[in-house]
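Undergrad: Okay, here's the structure, questions in a sec.
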Amino acid sequence: MTASHLLVPVPIPDRVAALIGACTPPHVLQAEFDAVCAAREVRRFRGPRLGIEDQADREQALSELAWANKVLSAHHPRLAVRPDGVS
């Protein structure tokens, strides 16, 4: 039995990533890209004093993240992306 906190992340070679991507439907790859971008956008708008425009931009990014996560979760439940960057 291994503890997950003791595992060291290992980079995936480009050829292996390309093989994985070739097996994944294009709409899921697009949703993954959209989810990561939306999560990054949500993280930009943090803080107690957001202006009205910033709040609207954050809500839009959360909406895009929710849509992308819906597509990802339909493909596999563990693919969802959280706004704090933890999968």
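The values are calculated or read from the model by the stated rules, or taken from the named source; none is laboratory data. Given the structure is predicted, the values throughout are model-derived calculations rather than measurements. Virtual Cβ from ideal backbone geometry, glycine too; neighbours counted across all protein chains shown. For accessibility, only protein heavy atoms count, side chains too; no ligands or nucleic acids. Shrake-Rupley method; radii C 1.70, N 1.55, O 1.52, S 1.80 Å.
Undergrad: Of the accessible area of the chain, with the probe set at 1.4 angstrom, what percent is carbon plus sulfur?
TA: Here carbon and sulfur together make up 59 percent of the probe-accessible area.
Undergrad: Heavy atoms only, 1.4 Å probe, whole protein assembly: order Arg40, Arg78 by accessible area, highest first.
TA: Values: Arg40 125, Arg78 200 Å².
The most accessible residue leads, giving Arg78, Arg40.
Undergrad: Next up: Give me the percent relative contact order of the stretch 21-83, please, defined on Cα pairs under 8 angstrom at least 6 residues apart.
TA: On the way: 56 pairs, mean separation 27.0, N = 63.
This gives 43 percent for the stretch 21-83.
Undergrad: Determine, from the Cβ-Cβ distance of Gln60 and His27 and an R0 of 22 Å, the FRET efficiency 1/(1 + (r/R0)^6), rounded to the nearest 0.05.
TA: Working: r = 21 Å, r/R0 = 0.96.
Efficiency, rounded to the nearest 0.05: 0.55.
Undergrad: What whole-number value in Å² describes the accessible area per residue of the chain for a 1.4 Å probe? Each step should come with its number before you reach the end.
TA: Numbers: 7040 Å² over 87 residues.
Ligands and nucleic acids excluded, the figure is 81 Å² per residue.
Undergrad: Once the convex hull of the C-alpha atoms of the chain is built, how many Å³ does it hold per residue, rounded to a whole number? All intermediate terms of the calculation are to be shown ahead of the outcome.
TA: Details: hull volume 11.7 nm³, N = 87.
About 135 Å³ per residue, rounded to a whole number.
Undergrad: With everything on Cα atoms, drop me the angle between helix 14-23 and the longest principal axis of the chain, reported from 0 to 90° to the nearest 10.
TA: The angle comes out at about 80 degrees.
Undergrad: Given a 1.4 Å probe and heavy atoms of the protein chains only, how would you sort Leu50, Leu19, largest accessible area at the top?
TA: Numbers: Leu50 45, Leu19 120 Å².
If we order Leu50, Leu19 from most to least accessible, we get Leu19, Leu50.
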